[in-house]
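Worksheet: one structure, shown below.
Values quoted throughout were computed directly from the atomic coordinates according to the rules given, and no laboratory measurement underlies them. Computed from a predicted model, the values in this text were never measured in an experiment. Heads up, the Cβs are rebuilt from the backbone with ideal geometry, glycines too, and the neighbour counts pull from every protein chain shown.
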Amino acid sequence: MLTFLNLLQLVLYIALLALLGQGLLYVLAGAKRDTNFFYQLLKIVSKPFTLVVRRLTPAKVADRHVPVIAFGLLLIAYAVVTFEKINYCVGLNMVGCK
């Protein structure tokens, strides 16, 4: 169970960092972000999560807001997984959790 929580936390962490980096490059690169290699790479990494959010949100939500919503949902999911990991670890009285 601990391995599963660690893997889930890692996947969420990578997605969060990809969306955060994409947002940072969105601001820094400006209009040339579409030709920026790193922006495109981060967009590919975060695409599975933004596609899920796009399908869950109504059509009225603009496409430019989807990454922000995905970031918020991933942040909440990361916090939940972290608290569950701590709860599981403390429940077993593991030495590494203290």
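The set of residues in segment 29-43 that are more than 13 Å from the chain's Cα centre (by Cα) and of a type outside the set (F, W, Y) comprises A29, G30, A31, K32, R33, D34, T35, N36, Q40, L41.
Screening L24, L75 for residues that are closer than 28 Å to T3 by Cα and not basic (K, R) leaves exactly one candidate, L75.
Among the residues making up segment 35-58, those that are among the hydroxyl-bearing types (S, T, Y) and closer than 15 Å to Q22 by Cα are T35, Y39, S46, T50.
Within segment 78-85, the presence of a residue that is assigned to a helix (DSSP H, G or I), of a type in the set (A, V, I, L, M, F, W, C) and under 19 Å from Q22 (Cβ atoms) is excluded. When the residues of segment 23-49 are filtered to those that are among the small types (G, A, S) and free of Cβ contacts under 8 Å to residues at least 40 places away in the same chain, the one that is surrounded by the most Cβ atoms within 10 Å (Cβ to Cβ) is S46. Can you find a residue that is surrounded by 11 or more Cβ atoms within 10 Å (Cβ to Cβ) and in contact (Cβ under 8 Å) with a residue 60 or more places away in the chain anywhere in segment 61-75? Yes, the conditions are met somewhere in segment 61-75.
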